[in-house]
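Trainee: Next up is a structure, given as structure tokens.
Coordinate-derived values only; no laboratory data. Quick caveat, the model's predicted, so the values are computed rather than measured. Neighbour counts run over all protein chains shown; Cβ positions are idealised from the backbone, glycine included.
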Amino acid sequence: MEDQEEKEGLPIPDIFLNSDTKAPLSHCIQCDHDLMQGDRFYMIEKVFKRYLQLDSTQVLFEYAVCSECYERMRGALSKESMTNLSAYMMTNTDFQAMQLRMQEHPEDPEKWLSHCMIKGMPKEDLTEFQMGACFKGDKLVTSFMPPFMIGNVAMEEMNELLSKETKDEMDGFMDDNFGIPPELRKDLVLI
């Protein structure tokens with residue numbers, strides 16, 4: 001009989017492992033909760049930059065945040081920003097294309113992330129992109145939202161929808177956790 005835990009999701013895809021150690025991102029960046037216990041859902045977000053002249057793609061930053069801290073972070077965003085982002089996502093996301101990629105490759109989540117979910121641009125054509133997904137323990141969970149990939153054009157558009165209050169909140173998160181210069185974080189959007 002198949003174990004219930006195996007039915008709850010696929011193993012963590014390599015793209016969502018720690019880029020240095022290749023191990024899971026095992027602790028919440030905010031509260032240090034051990035995410036591998038499997039008692040909380042959590043999000044992993046990663047931001048990549050492609051250096052065409054070097055034929056190289058680098059992870060600018062990556063983090064895992066538990067569901068409790070994630071909800072607090074989202075709660076700190078302005079109502080205006082949340083309304084604007086929700087409307088943008090609902091009217092611009094190509095849900096059919098995402099669903100088709102998932103159906104064509106049900107066991108390969110990295111293929112689900114081959115195109116920007118908003119602009120449809122292939123990952124190979126992007127100079128910057130952001131990926132995220134929901135997990136529980138050592139499993140990818142798709143029941144709340146599928147893994148996503150957003151390219152730099154969509155990130156810039158989404159950033160324009162944010163209030164100054166929300167941008168300040170995101171800057172504070174980046175300062176507290178990564179120390180990334182403002183010119184590299186200008187288009188970060190917490191999904």
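Trainee: What is the magnitude of the charge dipole of the chain about its Cα centre, with +1 placed on the Cβ of each Lys and Arg, -1 on the Cβ of each Asp and Glu, and no other charges, expressed in debye to the nearest 20?
Mentor: 360
Trainee: Additional query: Give the longest segment of the chain that steers clear of trypsin sites (Lys or Arg not before Pro) in DSSP loops with at most 15 neighbouring Cβ atoms within 10 Å, not counting the sites themselves.
Mentor: Here the longest segment lacking exposed loop sites spans 23-185.
Trainee: Go through segment 33-110 and name the GluC sites (Glu not before Pro) that are in a DSSP coil and have 13 or fewer other Cβ atoms within 10 Å of their Cβ.
Mentor: Qualifying residues, ordered by number: E107.
Trainee: For segment 123-130, take each phi angle, set θ = phi - 60°, evaluate the Karplus expression 6.51 cos²θ - 1.76 cosθ + 1.60, and give the result in whole Hz per residue in order, putting x for glycine and proline.
Mentor: 3, 4, 8, 9, 8, 9, 7, 10
Trainee: Which whole-number percent gives the relative contact order of the chain, counting Cα pairs below 8 Å spaced six or more residues apart?
Mentor: This gives 24 percent for the chain.
Trainee: For a 18 Å ceiling on Cα separation, which of these pairs sit above it: K22/K46; K46/K123; K79/K164; K22/K119?
Mentor: Check vs 18 Å cut-off fails for K22/K119.
Trainee: Using each residue's phi in segment 80-95, evaluate 6.51 cos²θ - 1.76 cosθ + 1.60 at θ = phi - 60° and report the 3J(HN,Hα) Karplus result to the nearest Hz, with x for Gly and Pro.
Mentor: 4, 5, 4, 5, 4, 5, 4, 4, 4, 5, 5, 8, 10, 6, 8, 5
Trainee: Quick one: compute a quarter of the convex hull surface over the Cα atoms of segment 10-181 and quote it in nm².
Mentor: 10.1
Trainee: Go through M158, P146, L25 and say which Cα lies farthest out towards the positive end of the charge dipole of the chain; charges sit on Cβ, +1 for Lys and Arg, -1 for Asp and Glu.
Mentor: The listed residue farthest towards the positive side: M158.
Trainee: Given the options S81, S143, S67, state which has the largest fluctuation in a GNM of the chain using a 10 Å cut-off (strictly under) for Cα springs.
Mentor: Highest fluctuation among the options: S143.
Trainee: Sticking with this one: What residue among Y88, Y51, Y63 shows peak mean-square fluctuation when the chain is described by a Gaussian network model with Cα springs under 10 Å?
Mentor: Greatest mean-square fluctuation among the candidates belongs to Y51.
Trainee: Got a sec? Charge dipole of segment 11-120, +1 on Cβ for Lys and Arg, -1 for Asp and Glu; which of I118, C66, L100 is way out at the positive end?
Mentor: I118
Trainee: Roughly what % of Cα-Cα distances in segment 47-122 sit above 15 Å, to the whole percent?
Mentor: On the way: 2076 of 2850 pairs.
Everything past 15 Å amounts to 73 percent.
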